[in-house]
Amino acid sequence: MSDEHASLFATATAQFNRGADLVGLSDDLRCIMSQPKNEIIVNFPVLMDDGTYRVFRGYRIQHNNLLGPFKGGMRFSPLVNLDEVKALASWMTWKSALCDIPFGGAKGGITFNPWDHSPGELERIVRRFTHSLSTNIGPDHDIPAPDMGSNAQSMVWMMDTYANSTGASERQNVKRIVTGKTLETGGSPGREKATGQGVVFCLQHWADEVGFDLSSATVAIQGWGNVGSATGRILQVHGAKVLAVSDHAGAIGDSEGIDAFELTDWVQEHGSVKGYPKADAIDPADLWSTDVDILIPAALENQVTSENAGSIKAQVVVEAANGPTTLEAETILTERGIDILPDILVNAGGVVVSYFEWLQNRSAQRWDIDDVDFKLREILWSASDAVVAVRQELGIASRRDAAYAVALRRLEQVYQQRGIFP
Ligand code: NAD
């Protein structure tokens, strides 16, 4: 099987085992953390616009809640499956531990294409899914957020459905059942751009460490959704130039640079980068070999593969998406001296600002954007510092392995102090 179709959970497990080996994790803890705690699958009926009912399958995988409530996004895509969601849930556990925020890891989703449905159907699907999950989620138990295919509106429907299923006296108190809501309904300033902002903070830290000038960098990005487009816009503000972009429908390139703000407006109106009139159409497969300094996969998993890793010209691959690099591709990139900034570090901005949103909801406060950005940068730079320190301490090159080592040591310490019940 080509590594393009590799099992995501097998990849996540291999990464976890490498980290566990590095820190000498006991067999017991290895066994406990290598599987999710709970795997919830719900099949639920929804009324379609034509009067028929369709049954949808949804998932919520709760990987670990040692450090705090289960936390992680809800993915809406026809490709959502158990293997994928298990991997994504485990990455949330390591991400929260690495950033030292009091959350565990979870992930969920519905196997369907949100673009195939009217707004009315979409709302009924999201609400019925929330209802089906019932008390498996909760504001101090398991807190969903947006991921691929879902957005702030989906989170508002989830919050409203959950709130209306609780007693009247609790209703105001459960807003934090989801994060990534709109500002008006209790979202945090900066949550929409948080993951992209976090990617840029981590890149700044890396640039400082290796002596790279971000202000004259060239960039190629796969995916111009929430994460890809925010990353592109913020990098442009810092002086970098986006030379190529691809998405589900096509790819574009311009050696003079593509304006990230104008492209965002275009995609908002047309649904894709395809046809953007101010750049040339390119073959999506050529995105990987574009002559740029920084390559940012910000769409799907298993995108940097043994097929294209050999042709990558960038100095660094920045994993804004979850699991974009296969194990085989990682070996090739490492042999070629190309740095990899790992997903569990660089895309953690989303969960960190989700934590801020949860805190704001809990205390009925509204922070301002400068406060959010400042605190986000502090957390991501501390996590980046910890990765650099462990890399030096253990004498290893891989930033991913170092990130796992930091996360696993934190979890191990808590397990050792608390013990395993009963
Ligand atoms: P999104 O739905 O907003 O955007 C997804 C993008 O991927 C779109 O541009 C889409 O066209 C593109 N895409 C889809 N299929 C593709 C294909 N076959 N080839 C090329 N491009 C394709 O999703 P998002 O929230 O930006 O998430 C992107 C990635 O970032 C995912 O891996 C997600 O798990 C990860 N992530 C998201 C967040 C967040 O806060 N949203 C946080 C951390 C990590």
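Heavy-atom accessible area with a 1.4 Å probe sorts VAL406, VAL414, largest first, into VAL414, VAL406.
Note on LYS278: aspartates and glutamates with a C-alpha under 16 Å away, same-chain residues under 8 apart excluded, are ASP254, GLU256, ASP259, GLU262, ASP265, GLU269. Per residue, the solvent-accessible area of the stretch 23-115 (1.4 Å probe, heavy atoms of protein chains only, all protein chains present) comes to 36 Å². In this structure the stretch 125-254 gives 35 Å² per residue of accessible area when probed at 1.4 Å with all protein chains present.
Given a 1.4 Å probe and the protein chains as shown, SER255 ends up with an accessible area of around 100 Å². Considering Cα pairs under 8 angstrom that are at least six residues apart, work out the relative contact order of the chain and quote it in whole percent. RCO, the chain: 17 percent. Structure shown: which of LYS241/LYS313; LYS95/LYS313; LYS107/LYS181; LYS71/LYS95; LYS37/LYS71 lie over 21 Å apart, alpha-carbon to alpha-carbon? Over 21 Å Cα-Cα: LYS95/LYS313.
DSSP bridge analysis restricted to the chain gives an antiparallel fraction near 50%, rounded to the nearest 5. The antiparallel fraction among DSSP beta bridges confined to the stretch 194-346 stands at about 30%.
Applying 0.36 nm per residue to the separation of GLN153 and SER118 and subtracting their alpha-carbon distance, the gain on full extension is 11.2 nm. Comparing ASP280, ASP100, ASP116 in a Gaussian network model of the chain where C-alpha atoms under 10 Å apart are linked, the largest mean-square fluctuation is found at ASP116. For a straight C-alpha distance cut-off of 16 angstrom, the aspartates and glutamates reachable from LYS175 (same-chain residues fewer than eight places away being disregarded) are ASP140, ASP142, ASP160, GLU184, GLU357.
For the residues ALA405, ALA87, ALA397, a GNM of the chain with alpha-carbon springs under 10 Å puts the largest fluctuation on ALA397.
Computed FRET efficiency, Cβ-Cβ of ASP100 and GLU335, R0 25 Å: what is it to the nearest 0.05? Write out the running numbers ahead of the final one.
Working: r = 33 Å, r/R0 = 1.30.
Working from the Cβ atoms, E equals 0.15.
Segment ASP140..ASP83, full-extension length gain: 17.9 nm, with 0.36 nm per residue of separation and the alpha-carbon distance subtracted.
Distance between the 7 Å Cα→Cβ label points at ASP21 and THR52: 5.1 nm. Note on CYS31: accessible area is roughly 90 Å² with a 1.4 Å probe, heavy atoms of protein only. Put a dot 7 Å past the Cα of SER215, heading toward its Cβ, do the same for SER382, and the two dots end up 2.9 nm apart. Taking every DSSP beta bridge that has both ends in the stretch 36-185, the antiparallel portion is near 65%. For the chain, which whole-number percentage of the solvent-accessible area (1.4 Å probe, protein heavy atoms only) is attributable to carbon and sulfur atoms? Here carbon and sulfur together make up 49 percent of the probe-accessible area.
Under the 0.36 nm per residue contour assumption, what length would be gained going from the current alpha-carbon distance of ALA14 and ILE396 to full extension? Don't skip to the answer; put the middle values down first.
Working: separation 382, 0.36 × 382 = 137.52 nm, distance 1.68 nm.
Taking 0.36 nm per residue and subtracting the Cα distance, the gain is 135.8 nm.
The values are calculated or read from the model by the stated rules, or taken from the named source; none is laboratory data. All figures in this text were calculated on a predicted structure; none of them were measured in a lab. Don't worry about glycine lacking a Cβ; one is built from the backbone with ideal geometry, like all the others, and counts go over all protein chains shown. We work out accessible area using only protein heavy atoms, side chains counted, and drop any ligands, DNA or RNA first. Shrake-Rupley method; radii C 1.70, N 1.55, O 1.52, S 1.80 Å.
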